[in-house]
């Protein structure tokens, strides 16, 4: 299943939304994948998480550092607290195909995404509790199971337009 916005989907969206100009239709800008590594203190664990995240996305991860020190959490300013990857264009489409076609069906107890996950701007945020649902991860080699968050950033006028585009692209809502 490939996610490309074909001419039939564009015409269908134009009719549903009442928009004549194709350039005024909602569109997907980027996908942001991020994960926190707060409880993993050892360097080998952090390196393992970074490598797996890069395998999943097919792109290098950037480190996210703490902006403030928090003594209760044993976090110091400048410590690496997570990793983030921003995908655009072809890598974004490939990742979205993999997410919808492979990862969601492999997820345990997946009932669909709640429409409440779409914010006012039309951005969809999905939490994935186990990274092992992606096909690049080999379960035998996995020592650590970590969660990640995937945000689909949308250029849309309102939430309803974005939901219509997500449905047209094949995102499984409840």
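Taking into account only those residues within segment 151-167 that are within 15 Å of residue 112 (Cα to Cα) and touching a residue at least 12 places away in the same chain (Cβ under 8 Å), which is surrounded by the most Cβ atoms within 10 Å (Cβ to Cβ)?
166
Scan segment 99-112 and tell me whether some residue there is farther than 28 Å from residue 46 by Cβ, touching a strand residue (DSSP E or B) at 6+ places or on another chain (Cβ under 6 Å) and at pLDDT below 85.
So far as segment 99-112 goes, yes, one or more of its residues are farther than 28 Å from residue 46 by Cβ, touching a strand residue (DSSP E or B) at 6+ places or on another chain (Cβ under 6 Å) and at pLDDT below 85.
Among what's in segment 23-63 and is part of a strand (DSSP E or B) and at pLDDT below 85, pick the residue that is farthest from the chain's Cα centre (by Cα).
It comes out as 27.
Anything in segment 105-118 that is in contact with a helix residue (DSSP H, G or I) (Cβ under 8 Å, 6 or more places away or on another chain) and part of a helix (DSSP H, G or I)? List them, or say none.
Result: 106, 115.
Can you tell me which of (1) closer than 20 Å to residue 144 by Cβ; (2) surrounded by 12 or more Cβ atoms within 10 Å (Cβ to Cβ); (3) modelled with pLDDT under 85 is the one residue 66 doesn't meet?
The single condition residue 66 does not satisfy is (1).
Consider residue 45 carefully, then state whether it is surrounded by 13 or more Cβ atoms within 10 Å (Cβ to Cβ) and within 20 Å of residue 151 (Cβ to Cβ).
no
Counting only residues that are within 20 Å of residue 83 (Cβ to Cβ) and loosely packed, with under 14 Cβ neighbours inside 10 Å, which one in segment 117-131 is modelled with the lowest pLDDT?
Among residues in segment 117-131 that are within 20 Å of residue 83 (Cβ to Cβ) and loosely packed, with under 14 Cβ neighbours inside 10 Å, the one modelled with the lowest pLDDT is 129.
For segment 137-150, give me each residue that is exposed (fewer than 14 other Cβ atoms within 10 Å of the Cβ) and closer than 30 Å to residue 14 by Cα.
Passing the criteria: none in range.
Here is a list of conditions, (1) touching a helix residue (DSSP H, G or I) at 6+ places or on another chain (Cβ under 6 Å); (2) within 23 Å of residue 45 (Cβ to Cβ); (3) surrounded by fewer than 17 Cβ atoms within 10 Å (Cβ to Cβ); (4) touching a residue at least 40 places away in the same chain (Cβ under 8 Å), and residue 134 meets all of them except one; can you say which number that is?
In the conditions (1) touching a helix residue (DSSP H, G or I) at 6+ places or on another chain (Cβ under 6 Å); (2) within 23 Å of residue 45 (Cβ to Cβ); (3) surrounded by fewer than 17 Cβ atoms within 10 Å (Cβ to Cβ); (4) touching a residue at least 40 places away in the same chain (Cβ under 8 Å), residue 134 misses (3) alone.
The values are calculated or read from the model by the stated rules, or taken from the named source; none is laboratory data. Note that the structure is a prediction, hence the values are computed from the model and not measured. Virtual Cβ from ideal backbone geometry, glycine too; neighbours counted across all protein chains shown.
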